[in-house]
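Presented below is the structure to which this report refers.
The values are calculated or read from the model by the stated rules, or taken from the named source; none is laboratory data. Everything quoted here is computed from the prediction, not taken from an experiment. Here Cβ is always computed from backbone atoms with ideal geometry, including for glycine, and neighbour counts include all displayed protein chains. Heads up: the accessible areas ignore ligands, DNA and RNA and are worked out on the full protein's heavy atoms, side chains in. Shrake-Rupley method; radii C 1.70, N 1.55, O 1.52, S 1.80 Å.
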Amino acid sequence: MKFKTRPKKRSRLEGHAKTPHKMGQKIRIKSTEDLAVMRENGILVARALRHLASLVRPGVTTMDLDREGEQFLRDHGATPSFLGYGGYPASVCAAHNEVVVHGIPNRVPLKEGDIIGIDIGAFRNGLHADSAITVPVGDISPATRELLTVTEESLWQGIAKARAGNHVGDISHAIQSYVEERGYSVVQELVGHGVGFNLHEDPQVPNFGEPGDGVRLRPGMTLAIEPMINQGTREVQVLPDKWTIVTLDGRFSAHFEHTVAITDGEPKIITLLPPDD
Ligand code: MF3
Ligand code: CO
C-alpha cells in the first residue's frame, strides 16, 4: 500500500485552497502541559457530543445541532475548531445517512431510521481536540445498527495500536482488516490526522494500510483517528457545495473519531468522557 503517495489528509476532494494544512511540516510533540490542556478541551468536546446526541430525535435539524454545539463550546470558554477553517461555514459537521463527513448543517428535519454523524472540535488555550460520533434517529434497522457498531469498534481496534514503537500503518491496518472482514468498506479519500496546535497536523492517519507502514509513533504525538465506513461501495463524491462528501451508491456511511495521545504505555484518549461524568 503506497499510502505516502495517497491523497492528503482531508483529501484531494477538498482541494488545496481551503486547506490551511501544509504537508511536510514536522510532527509536533506535545508536552505534559500541552496534553493537560488538550485533555480539558477533549472533555469539553465529549460533553458537547453527549449533549448533542441527547437532542437527536425525529424533527430536529442539523442547524439546531450546530447552534447548540457552538453555544456549548462558547459557554465553556472554547471556540469551535471548524468554524472558518478553510472557509468551512459552521461549528459542527453533520453527516446524515449517505453523507460520509463534512456535511454542512441545514434545515432538513431528521427522521426515524436515519443516522446522523456529529463531528465537533474545540479550541482553547492554543490547542484543539476533535471527536465525532454517529447516532441513530429513533429506531433504526438492524443493518444500520450493525454499521454503527462495526464502525465504532473499528475505532477501538485502531486506538489499541496507538502505542509508542508501533507505526501509523498498524492503526490503519487494524481498522481496515476489522471492517473488511465484516463486509463493509473503508473510505480512502479522507484520512485521520495529527491534531493539537493546529486542527490538522502531520502525520496523516489512513484507515487502510499495512502494518509497519508510515511513521513510528512516539510519546507526545496526538492523533485524530477517524474511520469512515460504508455499507456499500467505498467510492465517494463531493457535492457542489465543495464540502459534503457522500457515498457514490447512496448507501449509509458512519464515522467515529477520537483524539488520542501516544504515551509510554496505554493510549490516552483525549476526547473520552470521564467515567464519573
Ligand atoms: N473532524 C473533521 C476533520 O478532522 C472535521 C473537519 S471540518 C473542517 O477533518 F471544516 F474543519 F475542515
Ligand atoms: Co478530525
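Yes or no: region 10-30 includes at least one residue that is open to solvent by less than 70 Å² (accessible area, probe 1.4 Å), modelled with pLDDT under 95 and at positive phi.
yes
What pairs come up if the first residue lies in region 66-89 and is under 13 Å from residue 104 (Cβ atoms), the second is in a helix (DSSP H, G or I) and open to solvent by 40 Å² or more (accessible area, probe 1.4 Å), and their beta carbons are under 9 Å apart, counting only those six or more places apart or on different chains?
Cβ pairs passing all conditions: 83/70.
Here are some conditions: (1) assigned to a strand (DSSP E or B); (2) in contact with a helix residue (DSSP H, G or I) (Cβ under 8 Å, 6 or more places away or on another chain); (3) within 12 Å of ligand 1 (Cβ to nearest atom). Residue 229 meets all but one. Which one does it not meet?
(3)
Regarding region 131-139, can at least one residue be identified that is open to solvent by less than 20 Å² (accessible area, probe 1.4 Å), free of Cβ contacts under 8 Å to residues at least 24 places away in the same chain and over 20 Å from residue 86 (Cβ atoms)?
no
Run down 199, 223 and say which single residue is assigned to a loop (DSSP other than H, G, I, E, B) and either away from ligand 2 (no atom under 13 Å from the Cβ) or in contact with a His (Cβ under 9 Å, 6 or more places away or on another chain) (or both).
Result: 199 is the single residue among 199, 223 that is assigned to a loop (DSSP other than H, G, I, E, B) and either away from ligand 2 (no atom under 13 Å from the Cβ) or in contact with a His (Cβ under 9 Å, 6 or more places away or on another chain) (or both).
Would region 136-148 turn up any residue that is in contact with a helix residue (DSSP H, G or I) (Cβ under 6 Å, 6 or more places away or on another chain) and not basic (Lys, Arg)?
Checking region 136-148: not a single residue is in contact with a helix residue (DSSP H, G or I) (Cβ under 6 Å, 6 or more places away or on another chain) and not basic (Lys, Arg).
Just for region 218-231: of the residues that are in contact with a Leu (Cβ under 8 Å, 6 or more places away or on another chain) and surrounded by fewer than 24 Cβ atoms within 10 Å (Cβ to Cβ), which one is nearest to residue 154 (Cα to Cα)?
231
Report yes if some residue within region 78-89 is open to solvent by 60 Å² or more (accessible area, probe 1.4 Å), over 28 Å from residue 261 (Cβ atoms) and modelled with pLDDT of 95 or more; otherwise report no.
yes
What do you reckon, is residue 155 open to solvent by less than 20 Å² (accessible area, probe 1.4 Å), among the aliphatic types (A, V, I, L, M), away from ligand 1 (no atom under 16 Å from the Cβ) and not in a loop (DSSP other than H, G, I, E, B)?
It is false that residue 155 is open to solvent by less than 20 Å² (accessible area, probe 1.4 Å), among the aliphatic types (A, V, I, L, M), away from ligand 1 (no atom under 16 Å from the Cβ) and not in a loop (DSSP other than H, G, I, E, B).
Which of the residues belonging to region 158-181 are of a type in the set (A, V, I, L, M, F, W, C) and open to solvent by 30 Å² or more (accessible area, probe 1.4 Å)?
160, 164
Answer with yes or no whether residue 144 is free of Cβ contacts under 8 Å to residues at least 12 places away in the same chain and either surrounded by fewer than 22 Cβ atoms within 10 Å (Cβ to Cβ) or part of a loop (DSSP other than H, G, I, E, B) (or both).
So residue 144 fails the test.
Kindly check whether there is at least one residue in region 99-107 that is within 13 Å of ligand 2 (Cβ to nearest atom), under 15 Å from residue 66 (Cα atoms) and within 13 Å of the chain's Cα centre (by Cα).
yes
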